[in-house]
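Asker: Quick one: this structure, given as structure tokens, is what I'll be asking you about.
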Amino acid sequence: MTDLLQLGAAFLGVLLIAYAPGYLVVRAAAGSRGLALALAPALGACIAGVGAIAAQGVGLRWSLPVLIVLSAAAIALAGGLARLGLALPSTVLDAPWSALGRRAQLAWGGILAGALLLAVGPIAARAGRADAVLERYDTLFHLTALAYIRETGQASSLTLNAVASPTRSPASYPAAFHDLVALIPGIDIPILLNGATLALAVVPWALGAALLARVALPRTPWAPPACAAIAIVIPASPLDLWIHLSPIPNLVGFAFLGGALAGAAALWESCTGTVPPADGSSPVEAQAAPSRAATAPARTAQVRTVPVRTAPIRTAVAATGMIAAAGAGLTLLQPNVGVTALLAVAVLTAVTGLPHWRTRPLLAIVPLLALAPIAALVLTPLGARVTGFTGGLRVPWYTALGEVGLGLWTVWPMALGVCLAVLWWPGLVRAARTPRIRWIAALWGVLVVLYLDAAVDSPLNLSVLYFRGQDRIAVPLALVSALLVIPGLQAWARRLRLVGEDAEPLSAATRAVLVLTAVAVALSSVPPRLDNAALNLDAEYAGRGRFLQADEVARFTEVADQLDPDATILASPYSGASHMYALLGLRAYVPVAGAVLTAPDRAAIDAVPEAGSSPAACRALRDRGIDYVYQESILYQRDTTFSPIGWGGDDLGPVVFETSHSRLIRVECDPGA
């Protein structure tokens, strides 16, 4: 199978595994196709994440048959509960898929295709091949984790961090992403990681944005495709964060967040009736699209919405259970995505429920329940692994305000972000004045506060559950900002008299200028996208280290069959040898950057310079089962902990291979009696 075929198989395979189980669960619970698509990825992550924990608990290898059995059980459970009365209600997502005319559908299809090309093309150009290894040390962890699951069949979130230990000591790490991806067989691990990340960073993100726009603005038929296109190209999308920093479970979780939030908002509206209806009383939704050419066919189409009424208690219980399961899936992808989902639910239920608290006081409890787990993480030892974190990128307060105000977030800032900010700022004002989408404006404000807190390392520490990283917070902020562009476009259209009773027909020349301006703004992002992708994808980049060099990969490949498959290589985790477990199945003693080292581990590292002449130092290596030492002078990053590995070694044993910057030595020292 060629590399491109493998990449395509990984892309399609992970989408099937991520969507099918959750989709069928929602359908079995009497949910509509739209609701099923919204919740499917998060529910799929829940089934895989919980299933991997259960499978390891009873001694089963994590495998595709196990996932199929667990999915069938979840589908049967949902169907059985639905027959007992715990069925999901009708929601705004039940309405027909599109009220756009044929020509408008084709036009938006072309726009979406162009957006995908704009976002993915520069990354593909810099990568150059399907098995390109992204030069970020988070990538090493995810490659190693996938190889570890394939080898051992152990994929539990309670133990996966064993890959960060030379002795494979179990420790927790949210594993739902790896649980989904590791099930796809027969694909080289670097290609598998690239194809799966590309699929899950783009498809759920764009589809989730479209569904969220559909829930928020159901009477604006062009809102879903427009929001999807904007979400694809907006700076700080999951695709951008992947190449920028490579926190893959984090960005995949945020890609799933839009759909999960759309499903939660639709179910909340249906079960409580607290969200104002999308009728003529909402000026934002009643306005026509800003482009006459794009929406002329839609004017004759009827925009249908499903009537929403307060649901009985059993339906509310079913909806709550489904939302909770989706939230668990997001948390098993990355806990700070779960925190974001809880914040969003708290904002949604508080803003829409506030006018009803006097007559329905129980509604006031819902946002408190959503915030309770966050408080528990911050105020108790439950969140100690995160709340004790120090560090992160810090900028002056005026820079932080500029990033927020101009759309120049820390993830791939570019002029396109400024142009979009010109659109979402009036959208924010319009949303704050519109009851149905006021919660969107409030959520934007909450995310901005968190972003600013992280950017300046505020003593308030509000962003502590995000490791005080504004790069992560920028992604959900981009999602909400993309949605606000829609009412922003409507506001500008009204201001420029492109719509309304006093609107004047646009001339062909004016339409051409608007289209060309939009295309030029979009294309202006290509150079910075290429430059940003080059930082971590080009084979060489001045001033930035690299894990892998072509010559060392070639030499490792040549000797791989000659090495004992159970042999262990001692090397810096910032060297190319650390990737050979995922690439060639060779065992690195220190498997990933950030590995937890014990005193014997450190003794073995310190023993390398003297092991050829000192029996005691030789025993320090032999006692840890080290068979080879790899010395590398061109490192991704230098850490003094591992510096002794590169010292001496001439008398340690024969050289297996050598490059201009590295060598692999077989350990044949004398350990003494």
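The values are calculated or read from the model by the stated rules, or taken from the named source; none is laboratory data. Computed from a predicted structure; not experimentally measured. No Cβ is skipped: glycine too gets one built from the backbone with ideal geometry, and neighbour counts run over all protein chains shown. In case anyone asks, the SASA skips ligands and DNA or RNA and just uses the protein heavy atoms, side chains included. Shrake-Rupley method; radii C 1.70, N 1.55, O 1.52, S 1.80 Å.
Asker: Condition check: open to solvent by less than 10 Å² (accessible area, probe 1.4 Å) and β-branched (Val, Ile, Thr). Does Ile230 satisfy that?
Answerer: It is false that Ile230 is open to solvent by less than 10 Å² (accessible area, probe 1.4 Å) and β-branched (Val, Ile, Thr).
Asker: Identify the residue in region 597-610 that is in contact (Cβ under 8 Å) with a residue 40 or more places away in the chain and under 28 Å from Gln562 (Cα atoms) and, among all such residues, is most open to solvent (accessible area, probe 1.4 Å).
Answerer: Here the residue is Pro609.
Asker: Something else about it: Can you confirm whether region 324-333 contains a residue that is modelled with pLDDT of 95 or more, touching a Cys at 6+ places or on another chain (Cβ under 7 Å), open to solvent by less than 50 Å² (accessible area, probe 1.4 Å) and not hydrophobic (A, V, I, L, M, F, W, C)?
Answerer: Taking every residue of region 324-333 in turn, at least one turns out to be modelled with pLDDT of 95 or more, touching a Cys at 6+ places or on another chain (Cβ under 7 Å), open to solvent by less than 50 Å² (accessible area, probe 1.4 Å) and not hydrophobic (A, V, I, L, M, F, W, C).
Asker: Now a separate question. Output the number of residues of region 638-660 satisfying the condition of being in contact with a Gly (Cβ under 6 Å, 6 or more places away or on another chain), surrounded by fewer than 15 Cβ atoms within 10 Å (Cβ to Cβ) and touching a residue at least 40 places away in the same chain (Cβ under 8 Å).
Answerer: So the count comes out to 0.
Asker: Moving on to the next point. With the requirement that a residue be more than 20 Å from Ala560 (Cβ to Cβ) and assigned to a loop (DSSP other than H, G, I, E, B), what does region 621-637 give you?
Answerer: Asp623, Arg624, Ser633, Ile634, Leu635, Tyr636, Gln637
Asker: While we're on this one: Taking region 148-162 as the region of interest, how many residues are buried (at least 20 other Cβ atoms within 10 Å of the Cβ) and either under 18 Å from Asp188 (Cβ atoms) or touching an Asp or Glu at 6+ places or on another chain (Cβ under 7 Å) (or both)?
Answerer: 3
Asker: Do you know which residues across region 129-147 are open to solvent by 40 Å² or more (accessible area, probe 1.4 Å), under 13 Å from Asn536 (Cβ atoms) and either part of a loop (DSSP other than H, G, I, E, B) or in contact with a His (Cβ under 8 Å, 6 or more places away or on another chain) (or both)?
Answerer: We begin by selecting, within region 129-147, every residue open to solvent by 40 Å² or more (accessible area, probe 1.4 Å); these are 129, 131, 136-138.
Of the ones still in play, those that are also under 13 Å from Asn536 (Cβ atoms) are 136-138.
Of everything in region 129-147, just one residue is open to solvent by 40 Å² or more (accessible area, probe 1.4 Å), under 13 Å from Asn536 (Cβ atoms) and either part of a loop (DSSP other than H, G, I, E, B) or in contact with a His (Cβ under 8 Å, 6 or more places away or on another chain) (or both), namely Arg136.
Asker: Is there a residue in region 372-388 that is farther than 19 Å from Ser463 by Cα and either in contact with a helix residue (DSSP H, G or I) (Cβ under 9 Å, 6 or more places away or on another chain) or open to solvent by less than 60 Å² (accessible area, probe 1.4 Å) (or both)?
Answerer: No, region 372-388 has no match at all.
Asker: Do we find a residue being among the β-branched types (Val, Ile, Thr), under 27 Å from Asn536 (Cα atoms), assigned to a loop (DSSP other than H, G, I, E, B) and in contact with a strand residue (DSSP E or B) (Cβ under 8 Å, 6 or more places away or on another chain) anywhere in region 638-650?
Answerer: No: region 638-650 contains no residue that is among the β-branched types (Val, Ile, Thr), under 27 Å from Asn536 (Cα atoms), assigned to a loop (DSSP other than H, G, I, E, B) and in contact with a strand residue (DSSP E or B) (Cβ under 8 Å, 6 or more places away or on another chain).
Asker: Output the number of residues of region 455-481 satisfying the condition of being in a loop (DSSP other than H, G, I, E, B), crowded, with 24+ Cβ neighbours inside 10 Å and under 16 Å from the mean Cα position of the chain (by Cα).
Answerer: 0
Asker: When you go through (1) open to solvent by less than 20 Å² (accessible area, probe 1.4 Å); (2) in a loop (DSSP other than H, G, I, E, B) one by one for Ser613, which number turns out not to apply?
Answerer: In the conditions (1) open to solvent by less than 20 Å² (accessible area, probe 1.4 Å); (2) in a loop (DSSP other than H, G, I, E, B), Ser613 misses (1) alone.
Asker: Another question, then. Is it fair to say Tyr630 is among the hydroxyl-bearing types (Ser, Thr, Tyr) and open to solvent by 10 Å² or more (accessible area, probe 1.4 Å)?
Answerer: no
Asker: Restricting region 583-596 to residues that are in contact with a Ser or Thr (Cβ under 7 Å, 6 or more places away or on another chain) and open to solvent by 30 Å² or more (accessible area, probe 1.4 Å), which is farthest from Ser660 (Cα to Cα)?
Answerer: Val596
Asker: What do you reckon, is Ala54 crowded, with 24+ Cβ neighbours inside 10 Å, among the aliphatic types (A, V, I, L, M) and either in a helix (DSSP H, G or I) or modelled with pLDDT of 95 or more (or both)? So that I can check it myself, show each step before the final result.
Answerer: Details: crowded, with 24+ Cβ neighbours inside 10 Å: no; among the aliphatic types (A, V, I, L, M): yes; either in a helix (DSSP H, G or I) or modelled with pLDDT of 95 or more (or both): yes.
Answer is no for this residue.
Asker: Still on this structure, I have one more. State all residues of region 57-77 that are farther than 16 Å from Phe177 by Cα and either of a type in the set (S, T, N, Q) or buried (at least 24 other Cβ atoms within 10 Å of the Cβ) (or both); if no residue qualifies, say none.
Answerer: Ser71
Asker: Does Thr167 qualify as being buried (at least 20 other Cβ atoms within 10 Å of the Cβ) and β-branched (Val, Ile, Thr)?
Answerer: So Thr167 fails the test.
Residue-wise test of (1) within 27 Å of the chain's Cα centre (by Cα); (2) buried (at least 19 other Cβ atoms within 10 Å of the Cβ); (3) of a type in the set (Lys, Arg); (4) not in a loop (DSSP other than H, G, I, E, B).
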residue: Ala539; (1), (2), (3), (4): yes, no, no, no
residue: Phe547; (1), (2), (3), (4): yes, yes, no, no
residue: Asp551; (1), (2), (3), (4): no, no, no, yes
residue: Glu558; (1), (2), (3), (4): no, no, no, yes
residue: Asp561; (1), (2), (3), (4): no, no, no, yes
residue: Asp564; (1), (2), (3), (4): no, no, no, no
residue: Ile569; (1), (2), (3), (4): no, yes, no, yes
residue: Pro573; (1), (2), (3), (4): yes, yes, no, no
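Asker: Now for a separate question. Give me the pairs: first residue in region 339-363 and in contact (Cβ under 8 Å) with a residue 12 or more places away in the chain and closer than 14 Å to Pro435 by Cβ, second residue open to solvent by less than 50 Å² (accessible area, probe 1.4 Å) and polar (S, T, N, Q), beta-carbon distance under 9 Å, and six or more apart or on different chains, which are they?
Answerer: Thr352/Thr272; Thr352/Thr274; Gly353/Thr272; Gly353/Thr274; Pro355/Thr274; His356/Thr272; His356/Thr274
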